[in-house]
Structures are given as C-alpha cells and as structure tokens.
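Engineer: Please read through the structure below; I'll follow up with questions.
No lab work stands behind these numbers, since they all come straight from the coordinates. These numbers were taken from a predicted model, which means no experiment stands behind them. A quick note on method: Cβ atoms are made from the backbone with ideal geometry, for glycine too, and the neighbour counts reach across all protein chains shown.
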Amino acid sequence: MLKIRIISQSAVFILKRNMCTQEADVLFETLNNAGIITLNRPKALNSLNTSMVSKLLPQLQEWEKSKTLVVVKGAGEKAFCAGGDVKTACKPDEGPKFFFTEYNVNYLIGKYKIPYVAIMNGITMGGGLGLSVHGRYRIATEKTMIAMPETKIGLFPDVGGSYFLPRLQVNLGMYLGLTGDRLKGKDVVKSGIATHFVSSKRLYELEKLLSRCTSDVEVQSLLNKFNEPPEEFSLAPNIKHINYCFAASTVEEIIERLEKVKNEWSNKTIENLLQMCPGSLKITLRALQRGAQLELPHCLQMEYRLSCRATRNHDFPEGVRALLVDKDNKPQWTHKSISEVDDEYVEGFFKRLPADEELQFFDSKL
C-alpha cells in the first residue's frame, strides 16, 4: 500500500508541475466589467489552431450574457494573430474540423450583442482578420500590418473574407483579396478594416479604461478620445486604377486593364498576380463577387464548401508545402496558367456538400 501511495503522490506532483509550466494557448480573464482574451502563442505569432477556436467559442457565448464588453488581443509585441495554422488546416481529416469551429467563432463575433474590441497590434492576417474585422471596434496601431495572402498558398480569403472584402470602397477588397497586398498602420483605418488608430504605447492605459466602461456609448466615446486622425492613404495615387482594374469580371480582364495602366504599381501588381495559384485567383474572384450579395452567415457557409474541397485538392497542401514546410518556393500548381483554369473546375468548389457535411451554426434550429 505504501508503494502505491508514494507513486500516486509523485504523479500528482508531476501533473501539477506540468499544469504550471504549460501555459494555455488562449488566456481568459475578467478585468472590471470586461472579458479579456489573449491569444497566447507568441512564438507562432498567435496563429490559430483547433484547440484555440474550440475554447474561444464557448467563452465568447458565456461572456456575451455576463460582461459589458470583450477585448481581444495577442501576446507579445509582434502579432495580434498571423492567421490559422495552415500546416494542420490543409489536411483533409483535420482541416474541416478546424474551419467548422473557426467559422462559428467568426459568425458569433459578427452578431455579438455587446461591444467587441479587437486590438490589432502587430501582424494581423487571415484568421486574425476573422477574429477582428467582424467585431464592432477594431484598433490599429503603428505596428499593425494586415493582409489576406491566401491565394499564394492555394487557398482563398476565408473567415468571412467573401463578406468584408467586397464591401470595402473602390474595389479595394478585390485588390487585397487577389494580390495579398499588405496595409500598415493608419492605412488600415483608411481602408475601412480598422475603426480607430491608437499608438501602441497607449494600449495598456486604454485597456484599463475600457474595462470600466458600462455601455457601448462609453466605449465609443473613450475610443474616440484615444483615436488619432488619419493621414493620406498610401494607395491614394493608384486608387483610381484599383477601382477601374479590379472592377473587371474576370482575372484575365483585370490583368488586361492593369497592362493598360503602365506604371510601376501596375507592373508590380501583374507580377504579383502571376505568382499566385491560378486556381485560387479564379475561385477567390468568384467568391468575392458572390459574397457581395450575401450576408455573413451565407458567406461562411459558401466558404466552408470551398475550404473543405481545398483540403481534398492538390493546390492548398502543395502551397503549404512549398512556402511553409519545404520552403523551396516552387509550388507545382494544378494549372500552369490562369487561362487553363476553366469554369467547370471553379464551380466544382462551390457545389453544396452532402447535407450532413454542410456548415451548421451553433444556434441553428436545424
């Protein structure tokens, strides 16, 4: 009996020690009236995995009923959230599970009843935009850098990208979604993706004051006090070209219009587009065109079909391999050129899944 008891105490000690040393990938804390979420994988630039989104969903649901507001931020100085963990998401057995829960989180944020404040300090890409852009308040800082770079890895701008990108002015969303171009600092506010700009050195003070707010009116008033006025948009010299070129109905026509512009920006944009996955470009354009006419839940359901099929397709795993695993930067895409991607291939991604595989939302009556 003595021996068994000693082993048992030792096991308890080891378990307690592991619990202390292995910090959670998402931290939840209450500060005055606010629920504070910290994405806590700084070494991985706070990229999202299934574990994280599975914890976010029930906590957000609970806090919606019990808190005055929610603040979400990233651990460390480099990133809010650099996106989803695509090395796992590109696998046909793991990807659909991850996307299912992640899109439910995006859906909840989009209809959240209490103020949701995302502090987009640092790199904010892909899934990081899904955790911020659907919320009521999005704070950019001088360290903020946003992008939707999915066409480069054989995917498409998901997490509601088909909803928010086509709603940006002057076809800016079409441009960002297809090219994966980056915006920084105050440009993120000018684009409409962030609602406020606050210097990073003031974030600690802002968070403390936000936590004491008791209403949406107080939250808005406080953010307006901290907000710094915007500067000229860095893309301003080419906005008319973006508006014209990315209004085209096909990828081929977008490139034809860019060729007519004939300046440094247009040449660089063409070069950029030709480096992307051809199939992804055409799927992305169609998703953004359709998403412009759909509400967020329907966009997410459409995107889930695309995501599930992407995990079973060659291009998405191949893009992840070439850019993130082997890092040879030489993806062998299904199609060698944009012209090779036919309509039948693109439409195949948009077809409904079997009824039991379709995206269901947590509050669905079905």
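Engineer: Kindly provide the set of residues from region 287-332 that are of a type in the set (Lys, Arg) and assigned to a loop (DSSP other than H, G, I, E, B), ordered by number.
Structural biologist: Of everything in region 287-332, those that are of a type in the set (Lys, Arg) and assigned to a loop (DSSP other than H, G, I, E, B) turn out to be Lys327, Lys330.
Engineer: Shifting gears a bit: Spot the failing condition for Val219; the list is (1) loosely packed, with under 15 Cβ neighbours inside 10 Å; (2) assigned to a helix (DSSP H, G or I), and only one is missed.
Structural biologist: Result: Val219 passes all but (1).
Engineer: Another question about this same structure. May I ask you to list pairs of residues, at least six apart or on different chains, whose Cβ atoms are under 8 Å apart, with the first in region 268-286 being in contact (Cβ under 8 Å) with a residue 12 or more places away in the chain and the second being among the acidic types (Asp, Glu) and part of a helix (DSSP H, G or I)?
Structural biologist: Matching pairs, first to second residue: Ile270/Glu259; Cys277/Asp315; Pro278/Glu340; Gly279/Asp315; Ser280/Glu150; Ser280/Asp315; Thr284/Glu150.
Engineer: Follow-up question, since we're still on this one. Could you tell me whether Lys78 is charged (D, E, K, R) and touching a Leu at 6+ places or on another chain (Cβ under 7 Å)?
Structural biologist: So Lys78 passes the test.
Engineer: Kindly indicate whether any position in region 245-252 is closer than 21 Å to Lys336 by Cα and under 19 Å from the mean Cα position of the chain (by Cα).
Structural biologist: Scanning region 245-252 turns up no residue that is closer than 21 Å to Lys336 by Cα and under 19 Å from the mean Cα position of the chain (by Cα).
Engineer: Within region 86-97, identify whether any single residue is buried (at least 24 other Cβ atoms within 10 Å of the Cβ) and in a loop (DSSP other than H, G, I, E, B), and answer yes or no.
Structural biologist: Looking for residues that are buried (at least 24 other Cβ atoms within 10 Å of the Cβ) and in a loop (DSSP other than H, G, I, E, B), one finds at least one in region 86-97, hence yes.
Engineer: Shifting gears a bit: Return yes when Leu31 is hydrophobic (A, V, I, L, M, F, W, C) and under 21 Å from Phe362 (Cα atoms) and no when it is not.
Structural biologist: No: the conditions fail for Leu31.
Engineer: Give me the pairs, please: first residue somewhere in region 199-210 and under 20 Å from Glu231 (Cβ atoms), second residue anywhere and loosely packed, with under 12 Cβ neighbours inside 10 Å, beta-carbon distance under 9 Å, and either six or more positions apart or on two chains.
Structural biologist: Short answer, once both residue conditions are applied: Ser200/Glu77.
Engineer: Let me ask another. Going by what's in this entry, would Phe156 be described as crowded, with 24+ Cβ neighbours inside 10 Å and in contact with a strand residue (DSSP E or B) (Cβ under 8 Å, 6 or more places away or on another chain)?
Structural biologist: For Phe156, the condition - crowded, with 24+ Cβ neighbours inside 10 Å and in contact with a strand residue (DSSP E or B) (Cβ under 8 Å, 6 or more places away or on another chain) - is not met.
Engineer: Condition test on Met145, is it in contact with a strand residue (DSSP E or B) (Cβ under 8 Å, 6 or more places away or on another chain) and surrounded by fewer than 24 Cβ atoms within 10 Å (Cβ to Cβ)?
Structural biologist: Values: in contact with a strand residue (DSSP E or B) (Cβ under 8 Å, 6 or more places away or on another chain): yes; surrounded by fewer than 24 Cβ atoms within 10 Å (Cβ to Cβ): yes.
For Met145, the condition - in contact with a strand residue (DSSP E or B) (Cβ under 8 Å, 6 or more places away or on another chain) and surrounded by fewer than 24 Cβ atoms within 10 Å (Cβ to Cβ) - is met.
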